[in-house]
Every structure is written in C-alpha cells, then in structure tokens.
Amino acid sequence: MAAFIDLAWTIYADDPHWVPPLKSEVRGLLTPGKNPFHEHAEHQYFLARRGGKAVGRISAHIDHLAISMPAEQGMGPGTGNFGMFEAMDEATAHALIATAEGWLRERGMTRVLGPISLSIWEEPGLLVKGFDHSPTVMMGHNRPEYRAWIESAGYAPAKQLDTYELDITQEFPPLIQRIVQSGERNERIRIRHVDKSEFDRDAAIILHILNDAWGRNWGFVPITDHEVAHFGKALKPLVFEDLIRIAELDGEPVAFMMTLPDMNEALARLNGTLFPFGWAKLLWWLRKPKVRTMRVPLMGVVQRLQSSRMASQLAFMMIEYIRRDAITHYGATRGEIGWILDDNQGMKAIAEAIESRINRSYVIYQKPL
C-alpha cells in the first residue's frame, strides 16, 4: 500500500502543477472501514513493478449502488470502473488496464467506465485540458500522455466534465445585478448561511436537495447516510458559514451552493505529510484562510424549479452573496465552478452569464468488455 500511494511522488516529481495530497487521506480513501464507499463497493488494487521498482498502479472496483442505477444515466447494470491510475510508460499502462478489465470481467461486468477514483463524488475523469495550472481542492491532475495511452487501449469518451474560472473581483454584468436586486425585493425568497451549530441539520437539508437536484444527471449515484457523515466530518474544517448558502422559497429549502477555500494552496507546501510541522501550518491556515481561489464543488436546485426563472435567480443570488464575502473575508480574487457536465445546459448558461470560461476539462472513458 505504501508503494501504491508513494508512486505518485515519483510520477510527478518534475511537475510544478501537481499538488501532493496528504498520504494519510489517500490511505483513508483506499481503506475499507475508513471510507464508507467500500460499504457498497468491492475493489482490487494492482501495482506494476519492473525490476523490483514500482512503475504503475490501478484500481478495479464495482460500485453496487452505481450498477443499480438506470443504464441511460451513465452507470447501470454491468458497469465496473477503474481508477487511481498512474503509469510510467504506455506498455505499463496497457498491462494495468488489461488486468483491471480482467478482474471486472471475472465478476460479470460487461462495460468499464474510468478513470473514477474511487467514487463519482471524489475524483472522476482524466484531465485533458488545463495542464498549465494546479487543480483546486478535490480535483484531479495527471500526465498529458495518459489520454493517448487510454484511448489506444480501446477506450472512447463517455462524458466530459468542465470547470469554469472567473475573476471574482469584477462585478457581474448589469443584467445579473438586476436579477439579484429583484430577488432581494421578493419577500418569498430568503438566502441564508449554513449554521455550524446546526451542522447535522443543514447537512441533511443539503443532501436532500442534492439527491433531488442531481437525481437525473448522468453518472448520478445516491450518497448514503454514512457517506454524508464521513464527508461532513472531513469537510467540516473547510466549512465557513458565509461560504455555503441555502435558498428558501416560501420557507422551504429549495437550493444550495457550497463553496470551499482552495486548501490545495496550503497543501502544496506540505509534500503530503503533516509532520513534523505541517499540522501546525495547516491548522493555522484553517483558522482563517487567506486564499486566491474559491471553488464551488456543489450547487443544486430542486427538480420542480429547474429550468425556471426562479432557479436562475436563486443561483445568481447565492453566487453574488458568496462572491462578496469571499473577497471581503478571505481575500479571494478567483473563483472556480465545477465540475459541470458538458451537456448541462442550465449550469453552462449560468456560468457563461457571469462571464466565466472553461479552464479545465476531464473525460470519463468507456469500453465494452
């Protein structure tokens, strides 16, 4: 397991844009009992060696919640995954992929989607655009060569995921400002902070909206109660009340927006370990982070309001309120929204209306077995 984790430090030794994750976090991700993903999944990890030296790694896994979803939503019966993919060369890449495919085929899988490491809610997709800058918190990074190696192994794109960046120091266009101001005059609308003293309550509200809002999206897999508790505990140090908003309509929560300060700006200096002094640096940073970038990993509006003017208005209001606080309280100058499915016209329209642009693209590949 140590060799499996440590390989990334060899692969990216000369890549200035790779952000070393905390090794303890990677081990927790991979370990049953520490990551509730494993409660509804089975897995096998493979390590490639040449001359005794680790030269590649891959995971093969089957998410039983994913294969219970309708096939038209991207996952579905017979669909297994590969992830945690790293390789020193194309021959190693092909050997690893073939090995993962064999493990999945032996268990009755008829199709592969990947890379997904390990859940669709963690780090899905292969980076194909945006190699010239570092990823934000909870986003992946990989070598540019991987695209050709995976495609030459017989894989074709299944879905593209994009992130959008924008300069948040600039006010939004006049039309968006008027939409926000109109919403502020509407007594039916209330945009509120989350309350950390009622963290479990607000986490449950956000989960309910998320499962409803994203329920028909490509690749959707329900989040279990254990996963909510796990992610909540992991993210709680990054939860700042003014950066996560819940929108209420006539007193009912109908939308939310989660924003996280880019912890990668702090992690980049720790080289994957909290010892001997990394823990103190990270704790100091978490007290009141000053960051360049804020990332919006999750945003949702209940299905009954989707495609309505109200949905757009609530979204613009939450974005604007968080934009103001991100600048005033955290010194942020840049925002990143995503990932967003490349065919999600509603979210793409919102991103384009606030004059953001695609800065990184990820592709999830597929192949029949």
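Residue count for the stretch 312-369 satisfying the condition of being assigned to a loop (DSSP other than H, G, I, E, B), farther than 20 Å from Val180 by Cα and of a type in the set (D, E, K, R): 2. Selection of the stretch 171-203 for residues being closer than 15 Å to Val239 by Cα and not in a loop (DSSP other than H, G, I, E, B) yields Arg192, His193, Lys196, Ser197, Glu198, Phe199, Asp200, Arg201, Asp202, Ala203. Looking across the stretch 76-109, the residues that are among the charged types (D, E, K, R) and in a helix (DSSP H, G or I) come down to Glu90, Glu101, Arg105, Glu106.
Please pick out the residue among Glu106, Glu25, Glu101 that is crowded, with 18+ Cβ neighbours inside 10 Å, out of contact with any Phe, Trp or Tyr (no Cβ under 7 Å at 6 or more places or on another chain) and charged (D, E, K, R).
Values: Glu106 fails: crowded, with 18+ Cβ neighbours inside 10 Å; Glu25 fails: crowded, with 18+ Cβ neighbours inside 10 Å.
Among Glu106, Glu25, Glu101, only Glu101 is crowded, with 18+ Cβ neighbours inside 10 Å, out of contact with any Phe, Trp or Tyr (no Cβ under 7 Å at 6 or more places or on another chain) and charged (D, E, K, R).
Candidates are the residues of the stretch 235-248 that are aliphatic (A, V, I, L, M) and either touching a residue at least 40 places away in the same chain (Cβ under 8 Å) or touching a Lys or Arg at 6+ places or on another chain (Cβ under 7 Å) (or both); the one that is farthest from Ile209 (Cα to Cα) is Leu238.
For the stretch 301-311, filtering for residues that are outside any helix (DSSP H, G or I) and either outside the structural domain of Leu238 (by TED's automatic domain parsing) or modelled with pLDDT of 95 or more (or both) leaves 2. Comparison of Arg216, Arg245 shows that the only residue that is buried (at least 17 other Cβ atoms within 10 Å of the Cβ), out of contact with any Leu (no Cβ under 6 Å at 6 or more places or on another chain) and not acidic (Asp, Glu) is Arg245. Of everything in the stretch 161-213 that is at pLDDT 95 or above and of a type in the set (Ser, Thr, Tyr), the residue that is farthest from Ile337 (Cα to Cα) is Ser182.
The values are calculated or read from the model by the stated rules, or taken from the named source; none is laboratory data. Source: prediction; values computed, not measured. Please note: Cβ atoms are built from the backbone with ideal geometry, for glycine as well, and neighbour counts cover all protein chains shown.
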